[in-house]
Amino acid sequence: MFDEIEQTVQVLLFTSNETCDYCNETKQLLEEVVALNHEIELSVHDIDQEPEMASRYSVINTPGIVIAAKDQQDVKNLGIHFSGDSFRS
């Protein structure tokens, strides 16, 4: 399935050093997925340090995963989100 990816896919992982129990494991898993195809890119963002980025993608729980399309530097939100259970207050 990963071999069929022809355009860049941007995976955004939202973490929190304060409240996330599974962020390290999630990051490790996503790093393994990204290694399967050079068209998949991973960026990691801390919602406490980058609240505007979390807000842009409507992420309030961690770990939060957003799957987006990427064209050059333009990242297009496709509305594909997975959300953890550590709620940001």
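The values are calculated or read from the model by the stated rules, or taken from the named source; none is laboratory data. Quantities reported herein were computed from a predicted structural model and do not represent experimental measurements. With ideal geometry, Cβ positions are generated from the backbone for all residues, glycine too; neighbour counts draw on all protein chains shown.
For Thr19, state whether it is over 15 Å from the mean Cα position of the chain (by Cα) and surrounded by 16 or more Cβ atoms within 10 Å (Cβ to Cβ).
Values: over 15 Å from the mean Cα position of the chain (by Cα): yes; surrounded by 16 or more Cβ atoms within 10 Å (Cβ to Cβ): yes.
For Thr19, the condition - over 15 Å from the mean Cα position of the chain (by Cα) and surrounded by 16 or more Cβ atoms within 10 Å (Cβ to Cβ) - is met.
Can you spot a residue in the range 67-79 that is in contact with a Lys or Arg (Cβ under 6 Å, 6 or more places away or on another chain), β-branched (Val, Ile, Thr) and either modelled with pLDDT under 95 or over 21 Å from Ile5 (Cα atoms) (or both)? Checked the range 67-79: no residue is in contact with a Lys or Arg (Cβ under 6 Å, 6 or more places away or on another chain), β-branched (Val, Ile, Thr) and either modelled with pLDDT under 95 or over 21 Å from Ile5 (Cα atoms) (or both). Filtering Thr26, Thr15 for residues that are of a type in the set (Ser, Thr, Tyr) and touching a Cys at 6+ places or on another chain (Cβ under 7 Å) leaves a single hit, Thr15.
If a residue has to be in a strand (DSSP E or B) and surrounded by 15 or more Cβ atoms within 10 Å (Cβ to Cβ) to count, how many in the range 57-81 make the cut?
Step one: of the range 57-81, the residues in a strand (DSSP E or B) are 61-71, 74-81.
Still in the list and also surrounded by 15 or more Cβ atoms within 10 Å (Cβ to Cβ): 61-68, 70, 75, 77, 81.
Summing the residues that are in a strand (DSSP E or B) and surrounded by 15 or more Cβ atoms within 10 Å (Cβ to Cβ) in the range 57-81 gives 12.
Look at the range 31-60: where a residue is over 26 Å from Glu6 (Cα atoms) and free of Cβ contacts under 8 Å to residues at least 60 places away in the same chain and a partner is of a type in the set (Phe, Trp, Tyr) and surrounded by 15 or more Cβ atoms within 10 Å (Cβ to Cβ), sitting 6+ places away or on another chain with Cβ atoms under 7 Å, you get Ile47/Phe14; Ala54/Phe14; Val59/Phe14.
Just wondering, is there one or more residues in the range 27-41 that are of a type in the set (Asp, Glu), within 13 Å of the chain's Cα centre (by Cα) and modelled with pLDDT under 95? Talk me through it step by step, then tell me what you get.
We begin by selecting, within the range 27-41, every residue of a type in the set (Asp, Glu); these are 31-32, 39, 41.
Checking which are within 13 Å of the chain's Cα centre (by Cα) leaves us with 31, 41.
From what's left, modelled with pLDDT under 95: 41.
Yes: one or more hits.
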